Amino acid sequence: MIDSLLIANRGEIARRIIRTARRLGVRTIAVHSEADQGMPFVLEADEAVLLGPPQSYRDADAILAAARTTGARAIHPGYGFLSENAGFARRVEEEGLIWVGPGADAIAAMGDKIKARNLMAAAGVPVAPGTEDPVAGVDAALEAVAGIGYPVMVKAAAGGGGMGMAVANDEAALRTEVEKVRAFAERMFGSGDVLLERYFPRVRHVEVQILGLADGRVIALSERECSVQRRNQKLVEEAPSPAVTPELRERFLAAAVKAGEAVGYRNAGTVECLLDPATGDFFFLEMNTRLQVEHPITEMIHGIDLVEQQLRIAAGLDVEVPERTSGHAIELRINAEDPKRFLPGPGTITTWVEPTGADVRVDSGYAEGTTVGMAYDSLMAKLIVHGADRGDAIAKARAAVAGFAIAGPKNNLPFFAELLENDEFLSGDYDTGIVSRMR
């Protein structure tokens, strides 16, 4: 096993990685910004290194310097920041360090949505009707949409996390959105490349957890339902998906393995798909070349620790993953935001009381007395519950939400209390539009 690990991230995912590393006897090194001085993950690590201003988590030079000075053997990037930066992954390995993630080539291949889409199509993974090359401009978009049909999704090729996407229902909207998305993508991602894909008004977001093993095999564990979203960003996930039949599950898992094999995938990753509930057809959306925020629900139903599996794969060790799942798990993302409009609501936490119980888990990045600022994502914690079945998990989620007390910053606990009583959600027959229908 790796003996020392630098965690190039912050908040709840840094604490999550530290927890597993400590259990395995791995020395942990936290890097942190000036804004995060005194945060729980900094205090819990065996060693901590100050990087600099808030944006320092993207400073590859500073992170690699910290690894050298602390004698770190490996780097775990968590999610966000540099986790899907192929250049950083390559530099880590050039320094002689172990990168706890997929190879740089796999990250690069999946980082461009157009290249990823074409690669998946060639591997036999279903893709939605769309463009195979970047759209050169409005005229090219109008020509392409003739073969795709309205409505279409205009997407930034280098985008991610639900950013850089817009729906066009007609020619006037397409003319506007192509230029808007191109400008946004150039500003945010450094690339103005845009693609078009058929937009499905009623669709579910289903993803599959994969592990690329040290011996070259790719295995698919199970699926997660991620359709409760606001602004194309997830709020709630559950596993297994209430929309997936055993036959459909086999198709999902087989496609996910093909996707991983197509890029020689190693370590943990997620193959995200859109499912048309009317037909049962699904289409490749993207591959996340890192650990997902929602990984705990897969852990709960499989009885495994995915961070441990990541470390074992990176160290070249064997991995044992139970194929059978047990029960149902739900994750709620507790954000510092208004529960109605979902606008950021930062502030200093004056009360923080987490719910407890055998089937309740809280992965938190904050504690009483800490401050949620505007420099980072609004995620404060993840509330995860496990039940014998979906109904049991929902009942436990209701109790856990009621038992979670937060004061200071705004939070979305009231939204979850509403969702867990919503007839559409309770039926299991919902799609990505459920939040907009609740508002």
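The numbers here are math on the coordinates, done by the rules we state, and not lab data. This is a predicted model, so every value here is computed, not measured. No Cβ is skipped: glycine too gets one built from the backbone with ideal geometry, and neighbour counts run over all protein chains shown.
Convert 20 °C to kelvin, take the viscosity as 1.002 mPa s, use the Kirkwood radius over C-alpha pairs of the chain as Rh, and evaluate the Stokes-Einstein diffusion coefficient in µm²/s, rounded to a whole number.
Result for D is 96 µm²/s.
Where a ≥ b ≥ c are the square roots of the eigenvalues of the C-alpha gyration tensor, would you call segment 31-85 rounded, which needs a/c under 1.5, or, failing that, prolate if a/b is larger than b/c, or oblate?
rounded
Which number do you get for Rg(Cα) / (2.2 N^0.38 Å) in segment 339-404?
1.26
Can you bin segment 187-244 into rounded, prolate or oblate? Criterion: square roots of the alpha carbon gyration tensor eigenvalues sorted a ≥ b ≥ c, rounded for a/c under 1.5, prolate for a/b above b/c, oblate for the rest. Don't skip to the answer; put the middle values down first.
Numbers: a/c = 2.14, a/b = 1.21, b/c = 1.77.
Since a/c reaches 1.5 but b/c is at least a/b, the shape of segment 187-244 is classed as oblate.
Given 10 °C and 1.306 mPa s, compute D for segment 149-269 with the Stokes-Einstein relation, Rh being the Kirkwood radius over Cα pairs; round to the nearest whole µm²/s.
Taking Rh from Cα pairs, D becomes 98 µm²/s.
Can you give me the P(r) profile for segment 4-100? Cα pairs, bins 5 angstrom wide beginning at 0, each as a whole percent.
2, 16, 29, 28, 18, 7, 0
What is the spread of the Cα atoms of segment 129-198 along each of their three principal axes, largest first, in whole Å?
29, 22, 20
Just how many % of Cα pairs in segment 375-439 lie over 15 Å apart, if you round to the nearest whole percent? Don't skip to the answer; put the middle values down first.
On the way: 1224 of 2080 pairs.
Taking all Cα-Cα pairs of segment 375-439, the fraction more than 15 Å apart is 59 percent.
Order these by the 10 Å Cβ neighbour count, fewest first: 351, 289.
Listed from fewest to most nearby Cβ atoms, that is 351, 289.
Label residue 118 and residue 426 with points 7 Å out from Cα along Cα→Cβ: what is the distance between them in nm?
The modelled label-to-label distance comes out at 5.0 nm.
Could you work out how far the C-alpha centroid of segment 349-363 sits from that of segment 269-297, in angstrom?
If you average the Cα positions of each part, the centres end up 28 Å apart.
Distance between the C-alpha centers of segment 119-167 and segment 1-68? Whole Å please.
Cα centres, segment 119-167 to segment 1-68: 38 Å.
For labels at residue 93 and residue 398 in the simple 7 Å Cα→Cβ model, what's the distance in nm?
That separation, rounded to one decimal, is 5.0 nm.
For the pair residue 133 and residue 251, what calculated FRET efficiency results from E = 1/(1 + (r/R0)^6), where r is the Cβ-Cβ distance and R0 = 25 Å, to the nearest 0.05?
Once the sixth-power term is evaluated, E becomes 0.30.
Using packing as a proxy for protection, rank 153-160, 188-195 so that the peptide with the highest average count of other Cβ atoms within 10 Å comes first.
Listed from highest to lowest mean packing, they are 153-160, 188-195.
When a footprinting reagent is the concern and you count Cβ atoms within 10 Å, what order do 99, 352 take, fewest first? Walk me through the numbers on the way to the answer.
Numbers: 99 22, 352 18.
Arranged by neighbour count, lowest to highest, 99, 352 become 352, 99.
Can you give me the relative contact order of the chain as a percent, contacts being Cα pairs under 8 Å and 6 or more apart? Walk me through the numbers before you get to the answer.
Working: 973 pairs, mean separation 64.2, N = 439.
Relative contact order for the chain comes out at 15 percent.
What fraction of the Cα pairs in segment 282-439, stated in percent, has a spacing above 26 angstrom?
Working: 4396 of 12403 pairs.
So the portion of pairs separated by more than 26 Å is 35 percent.
Based only on other Cβ atoms within 10 Å, what is the fewest-to-most ordering of 359, 36, 133?
133, 359, 36
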